[in-house]
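Working notes, beginning with the structure itself.
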Amino acid sequence: MEKEKRQRNLNSSETKIDMVLFIPPAKVFVLHLICGLGLASAFWAAQNFYSINLVSNPAETLHLIWIVEASVVILLYSLFRHNPDKCSYFKAVGRALVGLPAGAIVNALGAIVLGAPIGLQHFRKTVHWSLLMSVLTFVPAASVFGSSWTDWHRIFAQTKSIGAVDYMICFPAHGAAIGAWFGAWPMPLDWERPWQEWPICVTYGAIVGYLSGMMTSFGFIAFKNWRRRVKGD
Amino acid sequence: MVEIWGFWRSDNWGGRSWAFTVFLGMMVLHILAILLFTRGFLLTRTELSQYSQCSDVFDSPCSPPYDHNVNNSSGAPGCWTKPSVDRLVIIVFDAIRFDFVAPSTFYPEKKPWMDKLQVIHELASQRPSSARIFKAIADPPTTSLQRLKGLTTGGLPTFIDVGNSFGAPAIVEDNLIHQLVANGKRMVMMGDDTWVQLFPHHFNISYPFPSFNVKDLHTVDDGCVKNLLPTLYKEDWDVLIAHFLGVDHAGHIFGVDSSPMIEKLEQYNGILKNVVEVLESHSGPGDLHENTMLLVMGDHGQTLNGDHGGGSAEEVETSIFALSLKKPPTSALAAFDKSTCQLDMQGRRICLSSIQQLDFTVTVSALLGLPFPFGSIGHVNSELFALAAGTWNLKRLATHDRQSLSELDEWMQNYVNVLCINSWQVKKYIDVYSSLSLIGFSEKDLLHVSELYAQAQELWSLTPESSVLREKESSSTLLPAIKRQIEAYSAFLASVASLARSNWTEFNLKLMGIGFCVMLFSLFLHASSIKRLDNLCGLHSPSSGDSGNSFGMIFAYIAVLIRACSFLSNSYILEEGRVASFLLATTAMLQLRCAIMKKMMLLEALALVFLVPFLRISIELGQLKQAVSSLFLKMDPSRTLGINGDSQFWMSITQFVPILALMIVAYLLYKSTVCCSSHGILKYVIVGSLSNFVLIAIYWACNDNLLNLPMVPRVIMVNLIPRIIYAVGVFQVLILGIVQLLVRETTVNLEGSTIFKVLAMLSAWSSTIIVISGKQGPLAVLALLIGGWCIIRLMRLERNAENEYSGSSLFYALPVTQWSLLAVCMFFSTGHWCAFDGLRYAAAFVGFDEFNLIRQAILLTIDTFGFSHIFPIFGLPFLVACCCPSRQTKQLFSLRLCQVNFLLENFIYNFNGFRAVITDTVMFQVYLMYGLITAVSVTFTILCVTIQRRHLMVWGLFAPKFVFDVVGLVLTDIMICLSSLYYMV
């Protein structure tokens, strides 16, 4: 609590632009690393504590993953909220929690449009999958931007990022979506592997896309930072 | 040629005649490519309906088949040959590999699945003269159905056996089973129900079991086991066929190296042991199985993964094990022994011989004394034939005391005679075939074969045949003569077999390659003419490197490529409809994103996005039941929502929703007539369609018994209304064509008139297509309307983005791609799929009860391609006409007029004329693009078929897909030609 207050003071001491544009690459790296570790630990916990995995119990595993990842993502990204003076940390967490189901609905609709199976036997899997997708795509933006339409529009429609936070949101989210799109490709093949079921390979694709999006984002920020320093010199 | 090239080079592009010429050229190229490829790929064989008769043999130059005064053991008269076997037990193990049967010592390494059929090894080593293991070499395609056909007809079945009815697989050619029945043999069948499909009326007793469930390893086998042993004790049959499927299914599911496979083989070993015990216990003189032969055989092999269908050694090598229960006293077998012998694991000496599966029919016919099936091109196999030599020799010995001739000589004499009949029958078949079939053999080959036959016959007449045989001729001079004779016949038969193989089982890769290259060339021409037109008509904007535009374009390329590449895998072909809907959804979502970005056309983008899932659900329903009409409503709600489909409420819903949809379509059509200015005769065409819609509603009401007109019988109504609709439809299309030919007016409002023309054309077709496709028709039309409208509206998204008309017509790439994806989705969502059972035969009989090939074929074509080809292609000008807001383009074009310096002066009498040319050029290009997209996917289908020509599913999946695609391409070309005539001024 105390630490958090200090953090907020620290942030508010900087100007907004600075806050948005320049985040030390190390910090970005740590954030992405924790997000990645969150995913990994969720998988590990599923395997070792509950002895379930994505192939055998997709719905339960997805449930566990999105809960772990959501707590990590919400707590971390809320630190980088816009207008930290006006918006408290808890408010950022709260709006991220609201954004979670909203994003899940959008993701579920998108999946169904693209060909996800509909039917009661797939309902739970689709719900948990779309919640996970929402955590990877929408929740960071919700906690950072809240309901600021211009920011959302900038990130998701125009793909024009300014500043480090934008990169941190934009790249992993797009990576996850594109990864999920590619992840659907092996589904019709007749290899008769259990992982070809909905939504297992789509989830794998999304996670791979998300991880590479995070790497790209870190690389980009590090590159920009380096350029800035070169210019400064 | 030079002229054409000059024409090509000239800048005089755009006129109607030009467009037509180009499209016609494309069509000719496509047809040429397809013909060449098909000639090499789709091996065709004509089925002849002649049957061999018992009495035919007296026409042959050979000596009478046998002494009529000598009775054979059973006393039954033989026919073409001397019967040496009375009863036959055929046990077919589906997909038995040769190494399941052969001892492992014949292979460098012992695998777990080898040496499991120990009974066979034991018998083969104990009775080398009456039991023998053969390596049977099958001919591709190694699928069960084709193999059973080949085994019974003695021919080489191909994918398209002309004369075969597509619906029923029953064999209409002369075959072994037919001959058995015709000659009074009683048959029992058990196991795989394919036999009953192939021979529906032939078996006295049959115990068929369903074969389609691959995952079920035991039903068929257990059924066989239950019936096999009891039947063996009975006397009421002469030929028994037991077809076991377990190994085939185990291979498909688990592969060869798996414990279920080994369990199956061990089970079969037990079964065989029991069968042999029963047979042996009754094989004494005068007993039930005194003269019985046991054949244990496979129809084809399988790869280690359990696949079969192709021509690899693993797939074609199967086995025949033959056991004659009467020991031949002679060593007839020794004369032609070409076997290889080796000791097995237990140190027993086992010999293996080889036989072509092609020879099976004729050898069995010869053993049983039946006429050889008319279409058989096999060769009586000496070793298999010799196994049963004992039976009649025994009698002979009893009657002929004098040992003037050794048994061997006598057997040889008999065999030569059989071969003589065999050669005569094959020659007769070849002659009849080449005189009757459309695509016969080449002259040179025929001549060669005839020469060989003539040589053999000449030798035969020289040979001191049976007359001399009676004399005391020393065998030392006779034997070499007989051997020569046998060689001559064998040479003839071998050359016929190789000729037939090259015609019926080997793809002509050269022709296929040439066809493919022509196709590639046509693609190149297609693409370059689009490019050329783009440069020529001067619409190319200087700032063409616009990112927004090129993104849509690039994605269009990617989508076309993904779809085309998806044809390289059988799984994606099966799911083709869903692949198309996936891509369409992706483009729609990208456009939605774009719409959000620009804050416009949101509604249209959303509508398109949410149209796709409906298309997809109906595609899935089509896959689910893969069958007939009105699934749209009958299954969907009840299945997914768990509502009782029989309830009154849903029944009435299924009746009223199509009529409601029809009303909406009619209303939209009416609305569009009202808002456009009057266009004379075109208006009457649309009014005709509206009245047709009313008729359709009445027709449905009649069918559902909602409406009972007391004065007119229902049957008349049901047939009369569709015929009226067809007549009106034909009349409308004719009127439109004539009007187009006669009236050449240049109206002020060019776009409006084009739209109206399109509308009239579509409405003329719509009533016919709707009535044929049944109740799903209006819903599909509605879906197509919404989809098309969204695509057209969304084009504005990109255009306005640039704030300027950057005229590069490549900007049309994305909408045209979407249009074609929508067309593909429509094909699948109206319940079609690319297989011959995917044709909705019921649709061909809307309005007609009796069958007329041409009429029904036309109706079936309209039903199959109505929504996927006729509507989209005739509706394509909407893209051009609706999207140019006339005011804006007028200015832009007038600005560009000064830049344009091509030879349009001849055309341009006034401004309108110029605009007409521009619109036409764009339309020309749009049609070119649509044609190109279709051609690209067909090219990939061709490529895929070439690569996968030895694939397991080539005849089940790839070839039908190829046929559908090719027909679709030709239809597309024809319709593009017609619409270029109709729409372009």
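The values are calculated or read from the model by the stated rules, or taken from the named source; none is laboratory data. It should be emphasised that the depicted structure is a prediction, and the values quoted were computed from it without experimental measurement. Here the Cβ positions follow ideal geometry from the backbone for every residue, glycine too, while neighbour counts run over all protein chains shown.
Quick notes on this one:
- Residues within the stretch B:211-267 that are polar (S, T, N, Q) and within 30 Å of B:Glu290 (Cα to Cα), tallied: 3
- Flag if B:Val296 is at negative phi, crowded, with 20+ Cβ neighbours inside 10 Å and assigned to a loop (DSSP other than H, G, I, E, B): no
Results for (1) in a helix (DSSP H, G or I); (2) at pLDDT 70 or above, shown as yes or no for each residue.
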residue	(1), (2)
B:Ile870	yes, yes
B:Gln891	yes, no
B:Glu905	no, no
B:Tyr930	yes, yes
B:Thr941	yes, yes
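- Scanning the stretch B:828-868 for residues that are among the β-branched types (Val, Ile, Thr), part of a helix (DSSP H, G or I) and at pLDDT 85 or above returns B:Ile858, B:Thr861, B:Ile862, B:Thr864.
- Within the stretch B:960-977, considering residues that are of a type in the set (Val, Ile, Thr), closer than 14 Å to B:Ile933 by Cα and over 15 Å from the mean Cα position of the chain (by Cα), the one surrounded by the most Cβ atoms within 10 Å (Cβ to Cβ): B:Thr972
- Subset of the stretch B:503-538 (residues that are closer than 30 Å to B:Thr142 by Cβ, among the hydrophobic types (A, V, I, L, M, F, W, C) and not in a helix (DSSP H, G or I)): B:Phe507
- Failed condition for A:Arg124, given (1) modelled with pLDDT of 90 or more; (2) more than 14 Å from chain B (Cβ to nearest Cβ); (3) crowded, with 24+ Cβ neighbours inside 10 Å; (4) under 28 Å from B:Ser571 (Cα atoms): (3)
- Number of positions in the stretch A:169-201 that are in a loop (DSSP other than H, G, I, E, B), crowded, with 18+ Cβ neighbours inside 10 Å and within 9 Å of chain B (Cβ to nearest Cβ): 3
- Figure legend. Inter-residue proximity from the stretch A:197-226: first residues aliphatic (A, V, I, L, M), second residues surrounded by fewer than 16 Cβ atoms within 10 Å (Cβ to Cβ) and in a loop (DSSP other than H, G, I, E, B), beta-carbon distance below 7 Å, spacing 6+ or different chains. Indicated pairs: A:Ile200/A:Val55.
- If you go through the stretch B:117-134 and keep only what is charged (D, E, K, R) and surrounded by fewer than 21 Cβ atoms within 10 Å (Cβ to Cβ), you end up with B:Glu122, B:Arg127.
- Lone unmet requirement of (1) at positive phi; (2) at pLDDT 80 or above for B:Ala661: (1)
- The stretch B:569-607 - residue that is at the interface with chain A (Cβ under 9 Å from one of its Cβ atoms) and not in a helix (DSSP H, G or I) and, of those, surrounded by the most Cβ atoms within 10 Å (Cβ to Cβ): B:Glu575
- Out of B:Pro112, B:Pro103, B:Pro128, B:Pro157, sole residue that is in contact with a Gly (Cβ under 6 Å, 6 or more places away or on another chain) and touching a residue at least 60 places away in the same chain (Cβ under 8 Å): B:Pro157
- A:Asp233 satisfies every condition listed in (1) within 14 Å of another protein chain (Cβ to nearest Cβ); (2) without any contact (Cβ under 8 Å) to a residue 40 or more places away in the chain except (1).
- When residues of the stretch A:140-168 are limited to those that are in contact with a Phe, Trp or Tyr (Cβ under 8 Å, 6 or more places away or on another chain) and of a type in the set (S, T, N, Q), the one nearest to the other protein chains (Cβ to nearest Cβ): A:Ser161
Table: residues versus (1) outside the structural domain of B:Cys944 (by TED's automatic domain parsing); (2) under 15 Å from B:Phe827 (Cα atoms); (3) touching a Gly at 6+ places or on another chain (Cβ under 8 Å); (4) among the charged types (D, E, K, R).
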| position | (1), (2), (3), (4) |
| --- | --- |
| B:Lys598 | yes, no, no, yes |
| B:Leu602 | yes, no, no, no |
| B:Leu606 | yes, no, no, no |
| B:Val609 | yes, no, no, no |
| B:Val612 | yes, yes, no, no |
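- Residue match in the stretch B:272-282 (condition: surrounded by 21 or more Cβ atoms within 10 Å (Cβ to Cβ), out of contact with any Gly (no Cβ under 8 Å at 6 or more places or on another chain), of a type outside the set (Gly, Ala, Ser) and under 16 Å from B:Phe100 (Cβ atoms)): yes
- Tally of residues being surrounded by fewer than 23 Cβ atoms within 10 Å (Cβ to Cβ) and part of a helix (DSSP H, G or I) across the stretch A:129-154: 6
- A Cβ distance below 9 Å, combined with a sequence gap of six or more or placement on separate chains, defines the contacts here; from the stretch B:259-270, residues that are within 18 Å of B:Lys226 (Cβ to Cβ) and in contact (Cβ under 8 Å) with a residue 24 or more places away in the chain reach residues that are aromatic (Phe, Trp, Tyr) and assigned to a helix (DSSP H, G or I) in the pairs B:Tyr268/B:Phe100.
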